[in-house]
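> Quick one: the structure is below, and I'll ask about it shortly.
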Amino acid sequence: MHYILAKNIDWLEPLVEEIQNSFEVKPDRVTGLPLLKASNTLDLRDKYIAFSTCALINTTSFLEDSISKQAMSIVESILSKVSEDETINLHVFSMTHKYGVLETGRAEILKDKIHKNLRKNKIRIIRKGFERSLSFAQVMLLDDRSAILSIQDTEEVSHYNSLYSPYVGGFNNVEDDKKAPSRAFKKIVEAQEILGKNISNGETLIDLGACPGGWTYIARKNGAKVIAIDRSELREDLMQDEQVQFLQTDAFKYRPEEILDWAVSDIISTPDRVIELMTTWVLGKLCRNFIFTIKFQGKEGYTVLEEFKKLANECDFKIILKQLNANKNEVTIMGSERE
Ligand SMILES: C[S@@+](CC[C@H](N)C(=O)[O-])C[C@H]1O[C@@H](n2cnc3c(N)ncnc32)[C@H](O)[C@@H]1O
C-alpha cells in the first residue's frame, strides 16, 4: 500500500481528484485524516503528486504490538534493504486526528527503540537534517497503533524525489523573520529545503514579480546578486542595495544576457503564464535552478497540473512539484539542472 499525505484535511479533495486525473485510480480515504491509501500496483516511480506534501511508498504494516516488538520487526525490515555500516535518514511520526503530525509520545519511544536496534546492527541514522544521497526509512503510527513502514534504498530515493519530504510527515513551519518585507519569504526558504539546494553566496538570481521583496531579501541574505523585476518598487532598503538591480518592466518579456544560477517567480498570474515561464527559463535553459509558484483561483483549474507534469518529463532538470506548507491556494514547481 502507498500512503499519501495532504497538507491538511482541506486539501484532501484536490488530492483525490489529482490522483484520479493522473493515474485513473480512486484512492481510499482514512477517516478523519489528511491521508489516502492506494494500492502498490500504482507505479509512483518518477511521478508527481502536487497536492501531496509527503508519501510513504510501498509500505509494510505492523499491527498493534508492544512498542519493543514493533521496533524489532521494523528494524528487521529495514535491514533487508540497507547494508551494514550504512547511515540512513529515519523519520518516525504519529498521524493524529487532533494534532496532525506528531513526533512525541509513542512515536518518540518507537524511534528511540528503532535507533538502538539499528545501532546494534551497525546502521547509523543522521541526527539532523535530511541527506538525499542516503536510504530513507519512514515510520507512521496510526490511531489504531499500527505502524506503517516505507523504506527506500539510495537508488529509490532518487526516483521518488518529488514524493517524499525532507520534513517529518511533510510538515514544517518556517520561523518568522520580522525583518522580512513580506511573509512570502517563507515560500522560498521552504522551497530551498525541499529542493535540497541553497541559493549561495556569489550566485545570480532573477526574482520575477519581486515586490515588496521577501524573496529578494532571502536571496540577498544568502549572498546572491539579484535582478528584481516588478511593476512596483521593492522596500526602500532593497531598492538602495547595490547588489539588487531593480527593473520596472514586464517579467514575462525579460530575457537575460547570460545563463543565471536561479530564476524564481511568485508572480500573481494564471497557471498558463507559469507554463510560459517554464518554457522560457527551464526548457530554454536560461537558468540552472528555478522555483515558480503556480496560483489558482478558487477550487478549480487544478487539471492544468497535468501539463506541468508533462513539461517536467521533457526537460533536463530534476523537478519537484509540491504544495509547500507556506503555499495557500497554490503549489510550487522547482528544480535543478541534472548533473
Ligand atoms: C505575490 S507578489 C510577490 C511577493 C514577493 N515574492 C515577496 O516575497 O515579497 C506578486 C507580484 O507580482 C507582480 N507582477 C504581476 N504581474 C507581473 C508582470 N507581468 N511583470 C512583473 N511583475 C508582475 C505584482 O506586481 C506583485 O508585486
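The values are calculated or read from the model by the stated rules, or taken from the named source; none is laboratory data. Note that this is a predicted model, so its numbers are computed, not measured. Neighbour counts are summed over all protein chains in view; Cβ atoms, including those assigned to glycine, are modelled from backbone coordinates with ideal geometry.
> Please state which one of 204, 216 is among the hydroxyl-bearing types (Ser, Thr, Tyr), assigned by TED's automatic domain parsing to the domain that holds residue 331 and touching a Lys or Arg at 6+ places or on another chain (Cβ under 7 Å).
Values: 216 fails: touching a Lys or Arg at 6+ places or on another chain (Cβ under 7 Å).
Of the residues listed, the single one that is among the hydroxyl-bearing types (Ser, Thr, Tyr), assigned by TED's automatic domain parsing to the domain that holds residue 331 and touching a Lys or Arg at 6+ places or on another chain (Cβ under 7 Å) is 204.
> Taking the stretch 187-228 on its own, how many of its residues are within 11 Å of the ligand (Cβ to nearest atom) and charged (D, E, K, R)?
2
> Residue check, residue 162 against (1) surrounded by 19 or more Cβ atoms within 10 Å (Cβ to Cβ); (2) among the small types (Gly, Ala, Ser); (3) within 16 Å of the ligand (Cβ to nearest atom); (4) at negative phi, all met but one. Which one?
(3)
> Take the residues in the stretch 169-186 that are farther than 25 Å from residue 108 by Cα and among the hydrophobic types (A, V, I, L, M, F, W, C); name whichever of them is nearest to the ligand (Cβ to nearest atom).
By that ranking, first place goes to 184.
> Now for a separate question. Provide a single number: the residues in the stretch 124-147 that are outside any loop (DSSP other than H, G, I, E, B) and not charged (D, E, K, R).
Of the residues in the stretch 124-147, 9 are outside any loop (DSSP other than H, G, I, E, B) and not charged (D, E, K, R).
> Count, please, the residues in the stretch 215-239 that happen to be of a type in the set (A, V, I, L, M) and assigned to a helix (DSSP H, G or I).
Total meeting the criteria: 4.
> Okay, next question. If I filter the stretch 296-319 for residues that are under 30 Å from residue 173 (Cβ atoms), within 16 Å of the ligand (Cβ to nearest atom) and among the hydroxyl-bearing types (Ser, Thr, Tyr), do I get at least one hit?
No, that holds for no residue.
> Any idea which of (1) of a type in the set (D, E, K, R); (2) part of a loop (DSSP other than H, G, I, E, B); (3) buried (at least 20 other Cβ atoms within 10 Å of the Cβ) is the one residue 207 doesn't satisfy?
(2)
> Restricting to the stretch 240-295, count the residues that are in a strand (DSSP E or B) and either within 16 Å of the ligand (Cβ to nearest atom) or closer than 27 Å to residue 328 by Cβ (or both).
Summing the residues that are in a strand (DSSP E or B) and either within 16 Å of the ligand (Cβ to nearest atom) or closer than 27 Å to residue 328 by Cβ (or both) in the stretch 240-295 gives 16.
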